[in-house]
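The values are calculated or read from the model by the stated rules, or taken from the named source; none is laboratory data. On a predicted model such as this, the values are computed, not experimentally measured, just so you know. Neighbour counts run over all protein chains shown; Cβ positions are idealised from the backbone, glycine included.
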Amino acid sequence: MSAALTAHGIDHVVLERGRVANVWRTERWDSFRLLSPNWMTRLPGFAYDGSDPGGFMTGDEMVMFFEEYASLIAAPVVEYTTVRSVRRRADVFEVMTDRGTWLAEAVVVATGESMQPRVPRMALNVDRDVAQITPTTYKRPDQMPDGGVLVVGASSSGVQLASELQASGRDVLLAVGGHVRMPRRYRGDDIMTWLDRAGVFDDLASGVRNLRAAQRQPSMQLVGSAPPHDLDLNTLQAQGVRLAGRLVATDGRHLAFADDLRDTVGESDAKLGAVFDRIDPVADAMHAPHDEIPAPIEVPATPTHLDMRAENIRSIMWTTGFRRSYPWLQVPVLDARGNIRQTEGVTEVPGIYTIGLKFQRARNSHFIDGVGNDALILARYIATRHRVRVAA
Ligand SMILES: Cc1cc2nc3c(=O)[nH]c(=O)nc-3n(C[C@H](O)[C@H](O)[C@H](O)COP(=O)(O)OP(=O)(O)OC[C@H]3O[C@@H](n4cnc5c(N)ncnc54)[C@H](O)[C@@H]3O)c2cc1C
């Protein structure tokens, strides 16, 4: 957003509560790698230019990437400055922080799609002797207590952490909710490359039949690793991970699961089939081979009730997705769920904008590869709507 504002000569500051690339420094586990290949790590005027375009960056490499970019575009980042409130004051916004107050004609909220782990309320019931952790505070297996682990949620974080914890010698039980199965490779290439070629990432929010549902879709069940491999319910079972259906309740010690794994797997396969239907015509036109078709998921018998003590489950990893929270945004732009009501980043309050939200403008609006385009479009809009001062 800063690069795009500068391109339009718009005077601005970037307020950051931590340092540049804060969440990549503080909220990623040690073995983290991007799901998108290196060639997709690109921002306006800056892109990965190493020798491994098909590889996947680590968290530390992402920090370096964003540091370099911030320096290249001379982004006016004010670090260690937390926004405490944004309020309307006459014809400007008063932005109060823990290090002073700014007045701005326009505010772009860029606090991310994945602001906070979304942990279900039932977590409050769990006995205190069972450790509870989320992917934003998890770093490595030795941080977890000995004994079994219940991992709740089988999207990208869930399958990766279930696999890592099982490999560390713990018995892992994975509660599988709705997910989007995605093979790493398909018809001779990386799946992300096919999705890009087929134009899937460019799907516009304005053309999606049920936008709310599309925004609630979990992340793709993928892992970025070298050599590339699948991490799905088959590979996890082969590793020894036990599967259960969706976790529906706990009274502290007992767990209740839905008997829904077969249905969940069926829904996931149907979504995958729809993805292949979009890729295949493009792949056929390129005479791509048909040799990498994923095997059907083996659905085991699953438990509906378990006693955590009897099973020696000593910790729960909540990989149940993310939510957004804007207690500091004191302008009327939030919907009943606490999300910002916006269309392509423009809210109902003139001067309040967003960037980086899921399906904000297109399917890739919250991906590194998609945000740059959105930022350029939004900056152009801001330049036409506000009496912006031209940067010296
Ligand atoms: C586990 C995980 C894996 C991902 N993998 C990929 C991937 O493979 N490829 C991909 O393209 N995308 C991936 N993403 C999405 C990726 O995070 C986003 O593309 C990108 O980080 C979004 O950048 P952002 O600047 O919008 O938000 P963020 O990176 O979340 O940055 C928001 C910033 O706002 C700051 N902030 C928050 N509140 C305040 C406040 N009150 N005052 C001041 N500062 C504040 C935070 O410190 C943070 O630095 C992944 C996300 C997650 C969670």
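Numerical summary
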item	result
Every pair of residues 6+ apart whose Cβ atoms lie under 7 Å, when the first sits in segment 247-272 and is farther than 19 Å from Val299 by Cα and touching a residue at least 40 places away in the same chain (Cβ under 8 Å) while the second is part of a loop (DSSP other than H, G, I, E, B) and acidic (Asp, Glu)	Gly252/Asp127; Arg253/Asp127
Output for segment 339-373, where each listed residue is within 14 Å of the ligand (Cβ to nearest atom) and either assigned to a strand (DSSP E or B) or at positive phi (or both)	Ile340, Gln342, Gly345, Tyr353, Thr354, Gly356, Phe359, Ala362
Which listed residue, of Val108, Val126, is within 11 Å of the ligand (Cβ to nearest atom) and at pLDDT 95 or above	Val108
Count of segment 1-53 residues which are of a type in the set (Gly, Ala, Ser), more than 13 Å from the ligand (Cβ to nearest atom) and assigned to a loop (DSSP other than H, G, I, E, B)	4
Check on Ala131, more than 22 Å from Ala258 (Cβ to Cβ), of a type in the set (A, V, I, L, M, F, W, C) and modelled with pLDDT of 95 or more	yes
Selection status of Arg323, buried (at least 20 other Cβ atoms within 10 Å of the Cβ), within 15 Å of the ligand (Cβ to nearest atom) and of a type in the set (Lys, Arg)	no
Criterion (of a type in the set (Ser, Thr, Tyr) and surrounded by fewer than 18 Cβ atoms within 10 Å (Cβ to Cβ)) met by exactly one of Thr41, Thr101, Thr81	Thr101
The lone exception for Pro296 - which of (1) in contact with a helix residue (DSSP H, G or I) (Cβ under 9 Å, 6 or more places away or on another chain); (2) under 28 Å from Ala244 (Cα atoms); (3) surrounded by 20 or more Cβ atoms within 10 Å (Cβ to Cβ) it fails	(3)
Check on Val63, surrounded by 17 or more Cβ atoms within 10 Å (Cβ to Cβ), assigned to a strand (DSSP E or B) and under 26 Å from the mean Cα position of the chain (by Cα)	no
All positions within segment 227-246 that are touching a Phe, Trp or Tyr at 6+ places or on another chain (Cβ under 9 Å) and closer than 13 Å to Ala301 by Cα	Ala244, Gly245
Restricting segment 1-59 to residues that are hydroxyl-bearing (Ser, Thr, Tyr) and over 22 Å from the mean Cα position of the chain (by Cα), the residue that is farthest from Ala379 (Cα to Cα)	Ser51
Entirely in segment 244-322, the strands (runs of 3 or more DSSP E) that have 1 or more residues that are of a type in the set (Asp, Glu)	305-307
Options Asp230, Asp277, Asp335, Asp284; residue that is modelled with pLDDT under 95 and not polar (S, T, N, Q)	Asp230
Qualifying positions in segment 143-201 - assigned to a loop (DSSP other than H, G, I, E, B) and of a type in the set (Lys, Arg)	Arg170, Arg184, Arg187
Glu113 within 15 Å of the ligand (Cβ to nearest atom) and either small (Gly, Ala, Ser) or not in a loop (DSSP other than H, G, I, E, B) (or both)	no
From Ile368, Ile355, residue being crowded, with 22+ Cβ neighbours inside 10 Å and under 16 Å from the mean Cα position of the chain (by Cα)	Ile355
Residues that are farther than 14 Å from Gly153 by Cα and surrounded by 20 or more Cβ atoms within 10 Å (Cβ to Cβ), drawn from segment 254-268	Leu255
Selection status of Arg181, closer than 30 Å to Ala295 by Cα, away from the ligand (no atom under 11 Å from the Cβ), surrounded by 16 or more Cβ atoms within 10 Å (Cβ to Cβ) and free of Cβ contacts under 8 Å to residues at least 40 places away in the same chain	no
Among (1) within 30 Å of Gly252 (Cα to Cα); (2) of a type outside the set (Val, Ile, Thr); (3) within 13 Å of the ligand (Cβ to nearest atom) - the single one Pro303 does not satisfy	(3)
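Rundown of residues vs (1) among the aromatic types (Phe, Trp, Tyr); (2) out of contact with any strand residue (DSSP E or B) (no Cβ under 9 Å at 6 or more places or on another chain), yes/no style:
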site	(1), (2)
Met62	no, yes
Thr81	no, no
Arg88	no, no
Phe93	yes, no
Arg99	no, no
Arg140	no, yes
Gly148	no, no
